[in-house]
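Following: one structure in structure tokens, then a few remarks.
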Amino acid sequence: MGATKDPYRDFFSSLAPQSFTAKVGMSVVELGCGDASFLSLALESIPQWACAFGIDPDFDAIVMASERFQDDMRVSFIQAGGEEIPLKDSCADIVILSKALHHLERPQTALAQAYRILRLGGSLCVNEQLGGRKDPASLRWEEYHAIRGEIDRLRGFFMRPCYTEQEIEMLLVDAGLEKIRASQIPGEEKSGPLAQSELQRTLDTALDKLKPSAELDALRLRAQVLLSILTSESIRQPHNYLAQWRKGA
């Protein structure tokens, strides 16, 4: 049997030629980079990249991201929100938004900033979880996502329910971008104890970052109710929208 293909590596390794600045190498920027795990995967797959920037408003995420790339001087990280990107106009060949759109309180403003820093012919690469599915396993994930949203709110960050594919594409069209290609990567369904143990870890890690309060106690209770349900039910991660959009003339 052959090796299983990774849709993300395939996506980045086959970016359209107009995304390249062949003589000097490409400049890559990720908005909402988190701990830079997705940026790391992208840079491993993108040929001819020369420098990269990761931007995120969360100081803890910037620290983790910097540690990941501590031995690579080509990569820098900036603590900032997506609505005010501290980079010059037309400086990026590729801008990446991975699971970040639903964390933007003003997505139109952030996309205008992404458009500003992209050079003509540059690519906006979007990887975004999709909402709107109504099967029971997907609705269980929506419950989990809502709890994570409340945690983010208490930490001072924004998170809304995930967009549908149509809503994402409407935002990108309104930003003046042109779609080159798009696909959906099916979300994995996990059942019972496996899903329960994984969500337990992620929720505990997130909840432990909050100061004690009545709201925190209520969130812990909601989390425990959800986790107890998963002893006999499954949860389906959302499909991911993976697309390349271009800044035209």
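The values are calculated or read from the model by the stated rules, or taken from the named source; none is laboratory data. Nothing here was measured: the structure is a model prediction, and the numbers come from that model. Glycine gets a Cβ as well: all are built from the backbone with ideal geometry, and neighbour counts include every protein chain shown. Heavy atoms of the whole protein, side chains included, go into the accessibility calculation; ligands, DNA and RNA do not. Shrake-Rupley method; radii C 1.70, N 1.55, O 1.52, S 1.80 Å.
Residue by residue, here is whether (1) free of Cβ contacts under 8 Å to residues at least 24 places away in the same chain; (2) surrounded by fewer than 23 Cβ atoms within 10 Å (Cβ to Cβ); (3) closer than 24 Å to residue 177 by Cα holds:
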{"site": "30", "(1), (2), (3)": "no, no, yes"}
{"site": "40", "(1), (2), (3)": "no, yes, no"}
{"site": "55", "(1), (2), (3)": "no, no, yes"}
{"site": "63", "(1), (2), (3)": "yes, yes, no"}
{"site": "74", "(1), (2), (3)": "no, yes, no"}
{"site": "115", "(1), (2), (3)": "no, yes, yes"}
query: Here is a list of conditions, (1) under 18 Å from the mean Cα position of the chain (by Cα); (2) open to solvent by 20 Å² or more (accessible area, probe 1.4 Å), and residue 245 meets all of them except one; can you say which number that is?
result: (2)
field: Number of the exception - residue 154 against (1) in contact with a helix residue (DSSP H, G or I) (Cβ under 9 Å, 6 or more places away or on another chain); (2) at negative phi; (3) free of Cβ contacts under 8 Å to residues at least 40 places away in the same chain
entry: (3)
Condition broken by residue 131, with the remaining ones in (1) over 18 Å from the mean Cα position of the chain (by Cα); (2) not in a helix (DSSP H, G or I) satisfied: (1)
- prompt: Of all the residues that make up the stretch 191-235, how many are in contact with a strand residue (DSSP E or B) (Cβ under 7 Å, 6 or more places away or on another chain), more than 21 Å from residue 150 (Cβ to Cβ) and modelled with pLDDT of 85 or more?
  reply: 1
message: Quick check on the stretch 117-139. Is at least one of its residues open to solvent by less than 60 Å² (accessible area, probe 1.4 Å), hydroxyl-bearing (Ser, Thr, Tyr) and under 28 Å from residue 14 (Cβ atoms)?
response: yes
task: Test each condition in (1) surrounded by 16 or more Cβ atoms within 10 Å (Cβ to Cβ); (2) without any contact (Cβ under 8 Å) to a residue 40 or more places away in the chain; (3) part of a loop (DSSP other than H, G, I, E, B) for residue 149 and report the one that comes out false.
output: (3)
message: Considering only the stretch 176-193, I want to know if a residue exists there that is open to solvent by less than 50 Å² (accessible area, probe 1.4 Å), over 23 Å from residue 57 (Cβ atoms) and part of a helix (DSSP H, G or I).
response: yes
